[in-house]
């Protein structure tokens, strides 16, 4: 190396340095891109808290949580979140009553009963079903499901939580079935083989061995279904009616938290008015609700996780 | 074992087999219910909207008279919004996915980002609308524009693209990286020349699924206060004088397909319901095409690549 001119060495070193600097710069850019998601979360929390804070300067928190009337656009406004909350809970319960049994049965069927060829067809089909825009489901609930239900129950109104909830259930089935099926697929073959060797039937293997082994994944699929149902907007906005209603009777029309946000946003509320702030308070309630279910889901996963 | 016991055992076996059959039938019925729901949904829209599906429908603005109303401003709006969404979300999502999978050290910051991406996927879409209303519309002053809508939907589908990128990067075996490093490549060269090109089909699948979700999203766009009656087109992105591209359209008011459909759905007149059916048919057709393309891409990918 002694014959190499000194400048060449320093040249190579400087090239290496610039290369290092460039590498670190690129890493920094990529890191910034990854932190956009954290910024999004912070932005959501910040905007909800700030606008809700202004809202609660006018409305006592206690009234917000206990008043049974939600009439923010009337001349004598009342701000009780309970009617909206009951609407959200009721439609979600109806949806889950449809989606949990259907989704679980479909998941067990695809994972344990169906031949590979059937699975190849059914899984993409379920994905397609999950990709249908929710506004289309809302249209379906209003123009098909409501009239059909009214045919069987003539006293049912044209807008009802029942129709919206049923269709919401159908919309959630793909999520629940595909996640539950993934969890069941992940159960090792040896467990099934053990069960079959003991003389179990398919049904016994599925329900007594595979399902319990996959229960943490299946439960988190349910939790995801719940948070979808709670946050679902367009189906209830179209088909459940738009009046807040303090009831848990699914045969009545009602408004959910998300539908209220849509209703206000469709009007022309000035920035900074109490009506404008009220949708952020409603959004905060929605976030708290979904956060609650996410935490519960996390705890359930930890509690029931089986490691193989 | 005496005769009676054997008979009892046979009885148990028979009853168990019946349960088997019964459950298989139940699973089949559940699937059929899904198929039935989809067929009714699609069939009803086709039957109801068939008369409206003609070229005029695509080339007319919305109107107070249902028979003259069309979706011109809606599909152009959807197209432009999707353009902004794709341009903002794809580079960000791929970069974030590459960082988390290839660069990120195992530490608290990385954990926070990962947990955060998972949780963002579970945030209701209407909450993104509130974020956009507070931040993009008022704090940044973008107004109720195509730019706001596109960025909002971009944030919404970011987790989908990040997860797809990470999964397809993870599927590339380690020896590809080792080979490249062995030849003296830097980390960025490995990423740029090998990992990203090899994972492109997987990333594309995620991008298409994300965009097909974005194109049907209604709630966040309503929340930012998008107008529903738009009888004009945004300024064209391409102009005939230099520099041939203008960005005026970004700040323009707009409407999109799902909002147009929602608008028609919420009117009582039968004629507008027909328009809603026709718009819904086109919307479902577009999302089905996009999802179908994604499924096909993934199928091809699974068949053709063996490391």
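All of the numbers you see were taken from the coordinates with simple rules; none came from a lab. Everything numeric here is computed off the predicted structure, so don't read it as measured data.
Looking at segment B:130-252, I'd like the Rg to Rh ratio, where Rg is from alpha-carbon atoms and Rh is Kirkwood's inverse mean 1/r.
Over the Cα atoms of segment B:130-252, Rg/Rh equals 1.13.
Would you work out if segment A:152-204 is rounded, prolate or oblate? Take a ≥ b ≥ c from the square roots of the eigenvalues of the alpha-carbon gyration tensor; rounded if a/c is under 1.5, else prolate when a/b is larger than b/c, oblate otherwise.
The shape class here is oblate.
Taking chain A as a Gaussian network, Cα atoms linked when under 10 Å apart, which of A:240, A:221, A:265 shows the biggest mean-square fluctuation?
A:265
Give the distance, in whole Å, between the Cα centre of segment A:144-193 and the Cα centre of segment B:48-109.
What the calculation gives is 27 Å, centre to centre.
So what are the radius of gyration and Dmax for the Cα set of segment A:6-58, in Å?
Calculated on Cα positions, Rg and Dmax stand at 22.6, 76 Å.
Given that compact globular proteins tend to follow 2.2 N^0.38 Å, what is the ratio of the alpha-carbon Rg of segment A:230-300 to that value?
Computed over Cα atoms of segment A:230-300, the ratio equals 1.24.
So what's the projected area for segment B:3-51, the Cα convex hull averaged over all directions, in nm²?
If I average the Cα hull's projected area over directions, I get 3.4 nm².
Would you work out the relative contact order for segment B:1-91, in percent, from Cα pairs under 8 angstrom that are 6 or more residues apart?
Relative contact order, segment B:1-91: 12 percent.
Across every pair of different alpha-carbon atoms, what Kirkwood hydrodynamic radius in Å does segment A:82-304 reach?
Mean inverse Cα-Cα distance, inverted, gives 18.8 Å.
State the three equivalent ellipsoid semi-axes of segment A:67-108, derived from the C-alpha gyration tensor as the square roots of 5 times its eigenvalues, in descending order and whole Å.
Output for segment A:67-108: semi-axes of 36, 7, 5 Å.
How would segment B:1-131 be classified by its alpha-carbon gyration tensor: rounded, prolate or oblate, with rounded meaning a/c under 1.5 and the a/b versus b/c comparison settling the rest?
Oblate, since a/c reaches 1.5 and b/c is not below a/b.
Suppose the Debye formula is applied to equal point scatterers at every Cα of segment A:181-308; what is log10 I(q)/I(0) at q = 0.13, 0.22 Å⁻¹?
Here the Debye-derived log intensity ratios amount to -0.71, -1.20.
From the Cα gyration tensor of segment B:79-124, with a ≥ b ≥ c the square roots of its eigenvalues, which class applies: rounded if a/c is under 1.5, or else prolate if a/b is larger than b/c, or else oblate?
oblate
Restricting to DSSP H runs of at least four residues, report the calculated mean residue ellipticity at 222 nm for the protein assembly as shown, -39500 (n - 2.57) per run over all residues, nearest 500 deg cm²/dmol.
Dividing the helical sum by the residues of the protein assembly as shown leaves -23000 deg cm²/dmol.
Report D for the protein assembly as shown in µm² per second (integer): Stokes-Einstein, Kirkwood Rh on Cα pairs, 37 °C, 0.692 mPa s.
The calculation lands on 124 µm²/s.
Over segment B:54-304, what number does the Rg to Rh ratio reach, with both radii from the alpha-carbon atoms and Rh per Kirkwood?
Reported Rg/Rh, Kirkwood definition of Rh: 1.04.
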